[in-house]
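J.: Dropping the structure in here first, questions after.
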Amino acid sequence: MSKVVFYRQLRMDGGYRTGLEVDEETGYGLFEEGETDDDPRLRWFVDLRCVGSKLPKSARLARAWLLKNSPMIVDGFARCSQEVRAGIDPDLYAISWAEFKDVPEDVQMRIVLTAARRADAIGMPEVLAYIGSNWERLVRMLKPVRAARS
């Protein structure tokens, strides 16, 4: 059973980290620096988590799969955004949303999100809407990640 995770995170220093993992290995990523001192603690995160026997097993193929399924994913982010339109409570526990339409057979998908601060939690509907509205651009801007040599 393969796992594909697309993630976007905002750090305390204002930096954004976006990436794509396949079976817990980061294959693509991008870091956009913030404007303050280095502080890697997260203010919020949003994951699109996919699990299933029919998912690609390589990062290159997973990226293509995410792009191929863009209409379903964009619709999911839009509907999830509407369902949390008042925001969420900042909490240690993440919210999980799994009401995608037309998910491919043998694949389970969910959006998982949380925020550490009340101000960020109130803004989560806009974050979800942004990810959905910019889905293809966000996926395409990711750069291949090279494994560190030991």
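J.: Tell me whether the stretch 33-44 contains one or more residues that are at pLDDT 95 or above and either touching a Lys or Arg at 6+ places or on another chain (Cβ under 7 Å) or over 20 Å from LEU128 (Cβ atoms) (or both).
T.: no
J.: Let me ask something additional. Name every residue in the stretch 53-71 that is of a type in the set (Ser, Thr, Tyr) and touching a helix residue (DSSP H, G or I) at 6+ places or on another chain (Cβ under 8 Å), in order of residue number. If you could, list the steps in order and put the result at the bottom.
T.: First, pick out the residues of the stretch 53-71 that are of a type in the set (Ser, Thr, Tyr): 53, 58, 70.
Once the filter is applied, which keeps residues that are of a type in the set (Ser, Thr, Tyr) and touching a helix residue (DSSP H, G or I) at 6+ places or on another chain (Cβ under 8 Å), the stretch 53-71 yields only SER70.
J.: Here is a list: LEU67, LEU92, LEU55, LEU61. Which entry is within 15 Å of the chain's Cα centre (by Cα) and either among the aliphatic types (A, V, I, L, M) or at pLDDT below 95 (or both)?
T.: That would be LEU67, the only listed residue that is within 15 Å of the chain's Cα centre (by Cα) and either among the aliphatic types (A, V, I, L, M) or at pLDDT below 95 (or both).
J.: Given (1) of a type in the set (A, V, I, L, M, F, W, C); (2) out of contact with any helix residue (DSSP H, G or I) (no Cβ under 8 Å at 6 or more places or on another chain); (3) at pLDDT 95 or above, where does LEU10 come up short, assuming only one miss?
T.: Condition not satisfied by LEU10: (2).
J.: Taking the options PRO144, PRO56, name whichever one is under 16 Å from VAL4 (Cα atoms), surrounded by 13 or more Cβ atoms within 10 Å (Cβ to Cβ) and not polar (S, T, N, Q).
T.: The unique qualifying residue is PRO56.
The values are calculated or read from the model by the stated rules, or taken from the named source; none is laboratory data. No experiment lies behind these values; they were computed from the predicted model shown. Here Cβ is always computed from backbone atoms with ideal geometry, including for glycine, and neighbour counts include all displayed protein chains.
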